[in-house]
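To keep things clear, I will list the structure first and then write my remarks on it.
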């Protein structure tokens, strides 16, 4: 089973098209899948939009009464996937943004790489592209400088990108014996670092896969705020990335 996890907050204009695109990709891929969506206290009709698909697609919608942010949303989605999985060593969870910036077609390559023996496969954005909002472009340039060794030694090429596939057993092991969350930061980049920090040590093999983001498709303005995000990233400068049997800087593998 492939659990496609989609955190959303006020994505009424894109969540419907995204669900259909993911469903079409997964049908063509020929893998069993289930859509997991977390509605983080949306106020724009996202809940109503999701309600139109619950009888048409293999879909479970979780919701929050008050907005808790990206990290808490991904945390709850992954925990739900762990609880729902009957075969955690085989099943996968793929995290996809709800605003259409992530290409659903990338799910296929992520899962194929996972099926090739990886436990975590992370998207890697080489260049933001001309459609990337200016704050994001500046953030991309400054984040490696702010993070220093925590960026250079990360077990993936791009520790900020949230488009990732996780083998369920790795997430389950990261949760074993603890009540703490996998991620809690409201800022997506910070939450992605938190999550990677929690699961990387339980992964036998971590790989990166080049992906592109489609900034021309979202119907709302970017919520990214460079200065607050970069300030929060400073907390991760001392992060170590020990993988089983490997030195901190030796965990990266680039998928072909």
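Annotations
- Considered as a group, the residues in segment 153-172 that are over 23 Å from residue 33 (Cβ atoms) and surrounded by fewer than 24 Cβ atoms within 10 Å (Cβ to Cβ) include one that is nearest to the chain's Cα centre (by Cα), and that residue is 158.
- For segment 235-250, the candidate set comprises residues that are surrounded by fewer than 18 Cβ atoms within 10 Å (Cβ to Cβ) and either outside any helix (DSSP H, G or I) or in contact with a helix residue (DSSP H, G or I) (Cβ under 6 Å, 6 or more places away or on another chain) (or both); within that set, the residue that is modelled with the lowest pLDDT is 247.
- Of all residues making up segment 195-227, the number that are more than 14 Å from the chain's Cα centre (by Cα), part of a loop (DSSP other than H, G, I, E, B) and modelled with pLDDT of 90 or more: 3
- Answer from 32, 11, 48 - the residue that is surrounded by fewer than 18 Cβ atoms within 10 Å (Cβ to Cβ) and under 20 Å from the mean Cα position of the chain (by Cα): 32
- Residue check for residue 61: surrounded by 15 or more Cβ atoms within 10 Å (Cβ to Cβ), touching a helix residue (DSSP H, G or I) at 6+ places or on another chain (Cβ under 8 Å) and assigned to a strand (DSSP E or B): yes
- Residues that are touching a helix residue (DSSP H, G or I) at 6+ places or on another chain (Cβ under 9 Å), under 18 Å from residue 200 (Cα atoms) and buried (at least 22 other Cβ atoms within 10 Å of the Cβ), drawn from segment 92-117: 92, 93, 94, 95
- Evaluation of residue 66 against (1) within 19 Å of residue 165 (Cα to Cα); (2) part of a loop (DSSP other than H, G, I, E, B) (one fails), failing number: (1)
- Taking segment 35-45 as the range and being surrounded by fewer than 17 Cβ atoms within 10 Å (Cβ to Cβ) and either in contact with a strand residue (DSSP E or B) (Cβ under 9 Å, 6 or more places away or on another chain) or without any contact (Cβ under 8 Å) to a residue 12 or more places away in the chain (or both) as the test, only 41 passes.
- Residue 76 vs. criteria outside any strand (DSSP E or B), within 13 Å of the chain's Cα centre (by Cα) and touching a residue at least 24 places away in the same chain (Cβ under 8 Å): yes
- Checking the stated criteria, residue 203 turns out not to satisfy the condition of being buried (at least 20 other Cβ atoms within 10 Å of the Cβ), in contact (Cβ under 8 Å) with a residue 60 or more places away in the chain, touching a strand residue (DSSP E or B) at 6+ places or on another chain (Cβ under 8 Å) and more than 20 Å from residue 80 (Cα to Cα).
The values are calculated or read from the model by the stated rules, or taken from the named source; none is laboratory data. All of these numbers come straight from a predicted model, not from anything done at the bench. Quick reminder, even Gly has a Cβ in these numbers, built from the backbone with ideal geometry, and neighbours come from all protein chains shown.
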